[in-house]
Structures are given as structure tokens and as C-alpha cells.
Amino acid sequence: MWPSISAAHFLLTGFPGLEAAHHWISIPFFAVYISVLLGNGTLLYLIKDDHSLHEPMYYFLAMLAGTDLMVTLTTMPTVMGVLWMNHRQMSHGACFLQAYFIHSLSIVESGVLLAMAYDRFIAICTPLRYNSILTNSRVMKVGLGVLMRGFLSLVPPIVPLYWFPYCRSHVLSHAFCLHQDVMKLACADITFNRVYPVILVALTFFLDALIILFSYILILKTVMGIASGEERAKALNTCVSHISCVLVFYITVIGLTFIHRFGKHAPRVIHITMSYVYFLFPPFMNPIIYSIKTKQIQRNIICLFSMHRRA
């Protein structure tokens, strides 16, 4: 018989040693969360509202904005609950569900960035066949495939969490639930839960990054073959936003991985801060990047604000 602590709620953690300053720390967090919601919400509204944006490139951008919104809405309630009200308790079921969505959405985001690379590859390398290859039904199939890969691939490691006994400490190291955090508290054989995520990361994040890199090598090769310098610049300019989002996402992934692997002696607050950067920086930056670099989005945002001013 396992000790009764197995049924106890998990306890979320904010910034250890800085509990007295949690109210102050919550101000920039809340500002970033609101910016993420407004930025990605605006992108989704513009793409839905403007028929000139009903193209594969913008459909994939809408998927990216939707994923970023879902990541934010998944972590925001518990993070703000801990920082504002010191509400730390979380039931097992709610915790596992949050971990499932957090990790699934990370894989979905990687998949959407890969789909966007495919879109740019087709647009530049085979422009005459672009509309016949990326039809609306094909874009929907790609989107569905990205979602299914993200949400189905996380079922195997999350389901066992429901029947593991938890007889160790029930204190988690973040203000949200992560699979690697929860599994360490289990009093059971967690070999599968240790090995599976490593294989999954190799087959998703690592493989996606390699394919994106390869697609841009082919894009660059095609662009260099264009005689006109102006046309070359125009073709590359359509990729700048996507390349920026890819760099933002994968640099934060690599940064978090390095901190976990090699920063064992780094202060705990560095580990925690890096986790927040991973979950907040890409959703915060993506709308800004596309607003600055994409003229059609820029024009629509200016129209939207001028309409509100007139109203």
C-alpha cells in the first residue's frame, strides 16, 4: 500500500526566495500575456476578415497564431494564480491535462513552422504550380496532420501518469505542470517516460529543424539562380518573417535544452526563467515579426486602428 501522499494535490512553485516580490513580478508577466493575446488575436481576426489574406501562407500563419494563443491560455491561469493569489494547489487530473496540452502544442508549433517552410519552398522553387499544389483542401490536410502528430504523440507518456503512485514530494518546480517534473515524483518504473520523450524530440523538433534547414538551402539555390537582383531580394524578403520565427522558436528550444543538460549548477531561478522565456517569447514575438515584415498585415493593422479612431 502506497502512502496517502499519493492522493495529495501537486503544489506549483513561483520564484523560490522571491515570494514577497510575486506581486511585482506579476506585472511584466501580465503585460506579456495580454500582449500575446492581443497580438495573436489581432492576426487571427485580420486573416479571417480580409479576403486578400485567404492564401496558404496566411492560413499557416493563422495556425501559428492559434497555437500561440492556446499555449498562452494553457499556462496563464496557473502562473497568474500563483503570482497573484499564491494559489499553488493543483489536482492530479488538471495537472496531467495541462502537461499534455503544453507539450502537445510545442510539437504542433514545430510542425506549423515546418508547414510554413514547405509553403515558402513551393512558392519560390515551383511558383507556377503553387496554387495547384497548395489547394485549400491540401492546406487543411497538412494542418490536420500537424495537429494529430502533436496531440497523438503525447498520449503514450501522459496516460501512465494517471496510474503512477506519487509517494515522494508533491512540489513541482514551476507554476505550471511539465511531464518531466511530474514523472520524477512517481514511485514507479519511469524508464519508458524517460526514454520516449528523447525519441520524440529527435523525431519532431530535431527532424523538423533539419528539414526546414534543407528546404532553405534549396530555396537559396533557386534564388541565386534568378538573374535580376531585385527579383532575388523580393523572393528572399517573403521568407524573412518565417526565418525570424523559426530562429526565435528553435533558439529558445536550444537554450532551454542547454540549461537543463549543462546548467545543473546554475541558480534555480535561471532554470525557471528560461522555461518562461520558452513559453512566452515565441508567442510574444511572432505577431510583432509578421506585423513589421509583412506589408499586407502591416497595412491591415493600420486600417484597423484608423477605423477605430474614426469610430
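When you scan segment 49-64, do you find a residue that is touching a residue at least 40 places away in the same chain (Cβ under 8 Å), open to solvent by 10 Å² or more (accessible area, probe 1.4 Å) and touching a Gly at 6+ places or on another chain (Cβ under 9 Å), even just one?
yes
In this structure, is residue 262 more than 21 Å from residue 43 (Cβ to Cβ), open to solvent by 80 Å² or more (accessible area, probe 1.4 Å) and of a type outside the set (D, E, K, R)?
Details: more than 21 Å from residue 43 (Cβ to Cβ): yes; open to solvent by 80 Å² or more (accessible area, probe 1.4 Å): yes; of a type outside the set (D, E, K, R): yes.
Answer is yes for this residue.
Within segment 205-240, which residues are under 26 Å from residue 257 (Cα atoms) and either aromatic (Phe, Trp, Tyr) or open to solvent by 70 Å² or more (accessible area, probe 1.4 Å) (or both)?
205, 206, 207, 210, 211, 213, 214, 216, 217
Can you name the residue in segment 252-264 that is farther than 14 Å from residue 208 by Cα and of a type in the set (A, V, I, L, M, F, W, C) and, of all such residues, is modelled with the lowest pLDDT?
Step by step, filter segment 252-264, then rank; the result is 262.
Please indicate, with yes or no, whether at least one residue in segment 6-22 is polar (S, T, N, Q) and open to solvent by 10 Å² or more (accessible area, probe 1.4 Å).
The answer is yes, given that some residue of segment 6-22 is polar (S, T, N, Q) and open to solvent by 10 Å² or more (accessible area, probe 1.4 Å).
Given the conditions (1) touching a helix residue (DSSP H, G or I) at 6+ places or on another chain (Cβ under 7 Å); (2) crowded, with 16+ Cβ neighbours inside 10 Å; (3) free of Cβ contacts under 8 Å to residues at least 60 places away in the same chain, and given that residue 164 satisfies all but one, which numbered condition is not satisfied?
It is condition (1) that residue 164 fails.
Output the residue which, of all residues in segment 111-152 that are in contact with a Ser or Thr (Cβ under 8 Å, 6 or more places away or on another chain), open to solvent by less than 20 Å² (accessible area, probe 1.4 Å) and among the small types (Gly, Ala, Ser), is nearest to residue 194 (Cα to Cα).
The qualifying residue nearest to residue 194 (Cα to Cα) is 150.
Please state which one of 243, 251 is open to solvent by 60 Å² or more (accessible area, probe 1.4 Å) and free of Cβ contacts under 8 Å to residues at least 24 places away in the same chain.
Matching residue, one of 243, 251: 251.
The values are calculated or read from the model by the stated rules, or taken from the named source; none is laboratory data. Predicted, not measured: the structure shown is a model, and the values here were computed from it. All Cβ positions, even for glycine, are placed from backbone atoms using ideal geometry, and neighbour counts span all protein chains on display. Ligands, DNA and RNA are stripped out before the accessible areas are found, and what is left, the full protein with its side chains, is counted by its heavy atoms. Shrake-Rupley method; radii C 1.70, N 1.55, O 1.52, S 1.80 Å.
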